[in-house]
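Read through the structure below, which is laid out as structure tokens, and then see the notes.
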Protein chains: 2
Amino acid sequence: MNQKEILLNHGSGGKLSQDLFKSVFGKYFGNPILDKLTDSAIVESPGTHLAFTTDSYVVDPIFFPGGNIGTLAVCGTVNDLSVAGAEPIMLSTGFIIEEGFPLSKLEEVVSEMAAKAKEAGVSIVTGDTKVVNKGKCDGLFINTSGIGRVDQARKHISYGETISPGDVILINGTLGDHGMAILSKRNEINLHTKIASDCAPLNGIIQDVLAVSDKVRFMRDATRGGLATVLCECVTNREYGIRIDESTLPLRESVMGMCDMLGFDPLYIANEGKVVMIVAPEDAQRVLETMQQHPYGKEAAIVGEVVADHPGKVTLQTEIGGKRIVEIPAGDQLPRIC
Amino acid sequence: MNQKEILLNHGSGGKLSQDLFKSVFGKYFGNPILDKLTDSAIVESPGTHLAFTTDSYVVDPIFFPGGNIGTLAVCGTVNDLSVAGAEPIMLSTGFIIEEGFPLSKLEEVVSEMAAKAKEAGVSIVTGDTKVVNKGKCDGLFINTSGIGRVDQARKHISYGETISPGDVILINGTLGDHGMAILSKRNEINLHTKIASDCAPLNGIIQDVLAVSDKVRFMRDATRGGLATVLCECVTNREYGIRIDESTLPLRESVMGMCDMLGFDPLYIANEGKVVMIVAPEDAQRVLETMQQHPYGKEAAIVGEVVADHPGKVTLQTEIGGKRIVEIPAGDQLPRIC
């Protein structure tokens with residue numbers, strides 16, 4: 001890297017984050033499990049396979065339409081385990097709290113975490129609290145780590161090793177709700193919209209799908225960097241490409257309107273309750289219908305397919321008949337979205 | 001709690017931390033595993049028992065004599081697993097970095113983490129990085145979570161269920177080195193001393209002890225709140241007490257001098273490479289000798305015993321022949337020590 005200081009975009013989940021991983025974390029920590037760069041590590045343990053994941057949450061603001069930092073801290077980690085094909089079983093929580101933070105707000109966050117953990121069927125089994133002096137953090141940061149159990153037959157899902165041309169790309173609903181909900185409440189903006197975050201635990205809908213199809217090739221939750229980043233990572237250094245159709249992308253009018261107004265592309269906006277699935281074509285319809293029957297999948301859609309041409313690239317078929325390459329973003333359009 | 005805002009001492013590991021747990025975290029997250037309030041959760045998993053722990057590190061300053069925040073982040077979590085009788089196998093890392101933090105310093109921290117992980121024989125298998133705007137955190141915070149394997153025969157160690165009067169209290173070396181090393185480098189003080197943190201991974205010395213004795217009743221690393229806090233927690237609501245002898249406590253002269261000068265009691269000062277063990281009397285000498293043969297145990301000592309009188313209390317036999325009750329502190333004498 002040429003930079004000598006950390007930039008906000010080193011935390012974006014985009015290209016600069018990858019550079020930071022390679023030049024610092026990977027350089028020192030590198031090992032075959034970490035180097036796979038999936039959100040959950042899959043580790044063999046006697047008699048079973050474990051998925052292990054961690055995420056710190058620094059969202060600004062802490063409370064937003066559709067949830068708060070606690071909703072994210074539980075759902076985000078449950079989702080990272082779930083898209084690895086794992087059944088989430090337990091979480092840890094680490095709180096870093098700013099001196100003077102109101103206890104009533106802490107309790108609101110913690111009660112929401114408990115509610116989401118209950119919904120997802122996971123236990124919070126261990127935790128830690130640190131308090132820093134006023135002005136030394138921004139209210140409240142939360143880390144959650146999680147452990148899940150992986151059926152050996154599903155180990156391949158987190159690596160996408162079985163993806164091949166003809167496979168179908170699905171998503172379980174509308175794009176960009178989380179990012180636009182957060183942005184609408186940022187101090188400098190504070191728009192009056194009805195956009196709420198889509199933050200939700202996805203283990204239920206994912207288990208429903210896995211129960212009807214053993215041909216799910218890959219899953220990933222489309223968080224920081226949005227759908228575009230997931231798909232671009234999927235094709236990097238691969239022998240295939242991905243084509244998506246703009247006309248099929250599920251989008252709320254309110255989100256589309258806000259994106260238009262502010263100059264954002266919803267393909268790159270963070271979601272917190274959306275899973276991208278790549279499925280063998282013969283199972284695509286069944287998976288779509290299963291998603292649509294779940295409360296978190298009513299607006300599920302088939303949005304594209306894996307193609308043999310332009311390997312390593314994601315292309316977007318626009319509504320007016322054009323075609324453009326979807327690039328991995330250097331940084332995030334919105335920092336501190338989760 | 002009467003307070004309406006978070007105080008620094010809510011993060012101290014002392015009484016206020018316990019109050020916060022009871023009134024907020026325990027109230028919402030409570031479950032039989034979490035409620036045991038050990039540093040590592042012990043969870044049954046098919047074919048094995050897992051220990052699972054998490055800690056966030058917010059030490060100030062980030063670099064100090066004897067290590068940096070990365071030394072703590074790896075050793076602290078390795079030690080939490082080790083004192084649960086577990087063999088640490090893997091760690092996650094979550095970085096929260098302030099925009100503008102020098103990459104060279106990040107690399108120094110990360111390379112130290114890798115070195116300590118190598119020494120402890122654990123892999124860092126998953127991670128996450130968030131960056132927050134300048135002024136929104138204090139340079140660098142790190143969370144590490146860890147998973148270890150627990151031999152079923154050692155499950156009782158983390159709960160101390162088999163402690164009984166006559167058992168012997170040991171510690172593997174000098175008290176208070178870490179706390180005084182940190183304090184000596186705080187901006188407002190910056191003393192010129194040779195005190196270095198004792199920060200070290202304790203899994204090696206603990207495994208050596210467990211290999212020669214199956215009568216280790218309890219272990220705990222004496223971090224925030226020091227030896228006093230560990231012992232007070234040990235006797236809370238129990239039918240026995242603990243008596244320690246001031247004359248046997250291993251203490252460096254430099255640490256003693258600094259404590260005297262600043263009015264601190266080394267019993268309450270944090271350590272990061274010290275394990276307190278409670279051992280059946282017939283094995284005490286063998287455990288002591290095993291500790292003393294390890295590089296991290298050269299100054300190990302027997303410092304007291306479990307007694308039938310004054311149940312629920314820790315008493316200190318002073319060097320001049322007096323006796324005093326050792327109380328659990330309300331808060332820490334030093335915030336942000338780890």
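7 Å from Cα along Cα→Cβ at both B:THR236 and A:GLU289: what's the point-to-point distance in nm?
Result for the modelled spin labels: 5.7 nm.
Could you tell me how far the Cα centroid of the range B:209-241 sits from the Cα centroid of the range B:1-67, in Å?
Each part's Cα centre sits 17 Å from the other's.
For a quick check, take a GNM of chain B with Cα springs below 10 Å and name the residue from B:SER82, B:SER17, B:SER145 with the largest mean-square fluctuation.
So, out of B:SER82, B:SER17, B:SER145, the one fluctuating most is B:SER17.
Going by a ≥ b ≥ c, the root eigenvalues of the Cα gyration tensor, does the protein assembly as shown fall in the rounded group (a/c under 1.5), the prolate group (a/b larger than b/c) or the oblate group?
Values: a/c = 2.14, a/b = 1.87, b/c = 1.14.
Here the protein assembly as shown falls in the prolate category.
Over chain A, with the other protein chains present, what is the accessible area per residue in square angstrom, probe 1.4 angstrom?
Ligands and nucleic acids excluded, the result is 36 Å² per residue.
Go ahead and set up a Gaussian network model of chain A, Cα springs under 10 Å, then flag whichever of A:MET277, A:MET180, A:MET90 fluctuates most.
Largest GNM mean-square fluctuation: A:MET90.
Around A:PHE218, which amide H atoms from residues at least 5 apart in sequence, or from another chain, sit under 5 Å from its own amide H, with H modelled in the peptide plane?
A:ILE278
Which distances, shortest first and in nm, link A:GLU253 to the matching position in the other copies, using label points set 7 Å out along Cα to C-beta?
From this label point to the equivalent ones elsewhere in the assembly: 8.3 nm.
Distance between the C-alpha centers of the range B:102-129 and the range B:137-154? Whole Å please.
13
Can you give me the span-like helices of chain B, meaning DSSP H runs with 20 Å or more of Cα extent along the axis and Kyte-Doolittle mean at or above 1.0?
Values: long enough: B:69-83 (21 Å, 1.27); B:103-120 (25 Å, -0.12).
Membrane-span-like by this rule: B:69-83.
Compute the signed sum of charges (Lys and Arg +1, Asp and Glu -1) over the other residues within less than 12 Å, Cβ to Cβ, of B:VAL168. Intermediate values should be presented prior to the final figure.
Details: positive: B:LYS215, B:ARG217, B:ARG243, B:ARG286; negative: B:ASP167, B:ASP245, B:GLU282, B:ASP283, B:GLU305.
Result for the neighbourhood of B:VAL168: -1.
Assuming R0 = 25 Å, what is the FRET efficiency of B:LYS27 and B:LYS4, from their Cβ-Cβ distance, to the nearest 0.05?
Working: r = 16 Å, r/R0 = 0.65.
Taking R0 as 25 Å, the efficiency between B:LYS27 and B:LYS4 is 0.95.
Charges only on Cβ, +1 for Lys and Arg, -1 for Asp and Glu: so what's the dipole of chain B about the Cα centre, in debye to the nearest 20?
That gives a dipole near 500 debye.
For chain B, what relative contact order do you get, as a whole percent, if you take Cα pairs closer than 8 Å and at least 6 residues apart?
24
Sequence-distant or interchain residues sharing an amide H contact under 5 Å with A:GLY13, placed H: which?
none
Taking the Cα centre of the protein assembly as shown as the origin, how large is its charge dipole in debye, to the nearest 20, when only Lys and Arg (+1) and Asp and Glu (-1) carry charge on their Cβ atoms? Show your work: numbers first, answer last.
Values: 62 positive and 86 negative charges, 83 e Å.
For the protein assembly as shown, the charge dipole is close to 400 debye.
Can you give me the distance in nm between label points at A:THR193 and B:HIS156, each placed 7 Å from the Cα along the Cα-to-Cβ direction?
In this crude spin-label approximation the distance works out to 6.0 nm.
For B:PRO102, which inter-copy label distances result when the label point lies 7 Å beyond Cα on the Cα-to-Cβ vector, reported in nm to one decimal and in ascending order?
Label-point distances to the other copies, shortest first: 4.1 nm.
For chain A, modelled as a GNM with alpha-carbon contacts under 10 angstrom, which of A:ASN79, A:ASN172, A:ASN143 fluctuates the most?
Maximum among the listed residues: A:ASN143.
With the crude spin-label approximation of a point 7 Å out along Cα→Cβ, what separation in nm comes out for B:GLU319 versus B:THR248?
So the two model labels end up 1.7 nm from each other.
Put a label point 7 Å from Cα along the Cβ direction on B:LYS215, then list its distances to the equivalent points in the other copies in nm, shortest first.
6.5
With contacts defined as alpha carbon pairs under 8 Å and 6 or more residues apart, what's the relative contact order of the range A:38-154 in percent? Could you put the intermediate results ahead of the total?
Working: 233 pairs, mean separation 48.7, N = 117.
Across the range A:38-154, relative contact order equals 42 percent.
Please list, ordered by chain and number, the residues whose modelled amide H lies under 5 Å from the amide H of B:ILE124; skip anything fewer than 5 residues away on the same chain.
B:LEU91
Once A and B are treated as a pair rather than alone, how much accessible area drops out, both sides summed, in Å² to 100, probe 1.4 Å? Don't skip to the end; give the middle numbers.
Numbers: alone 15590 and 15570 Å², together 24600 Å².
In total, this chain pair buries about 6600 Å².
May I ask for the distance between the Cα centers of the range B:270-338 and the range A:293-319, given as a whole number of Å?
Between the Cα centre of the range B:270-338 and that of the range A:293-319, the gap is 62 Å.
Of the options B:THR144, A:GLY304, A:LEU251, report the single residue whose Cα projects farthest towards the positive end of the charge dipole of the protein assembly as shown (beta-carbon charges: Lys, Arg +1; Asp, Glu -1).
Towards the positive end, the residue furthest out is A:LEU251.
The values are calculated or read from the model by the stated rules, or taken from the named source; none is laboratory data. Just so we're clear, the structure is a prediction, and the values are computed from it rather than from any experiment. Reconstructed Cβ throughout: ideal geometry from the backbone, glycine too, with neighbour counts over all protein chains shown. Areas reflect the complete protein model, heavy atoms only, side chains present, ligands, DNA and RNA absent. Shrake-Rupley method; radii C 1.70, N 1.55, O 1.52, S 1.80 Å.
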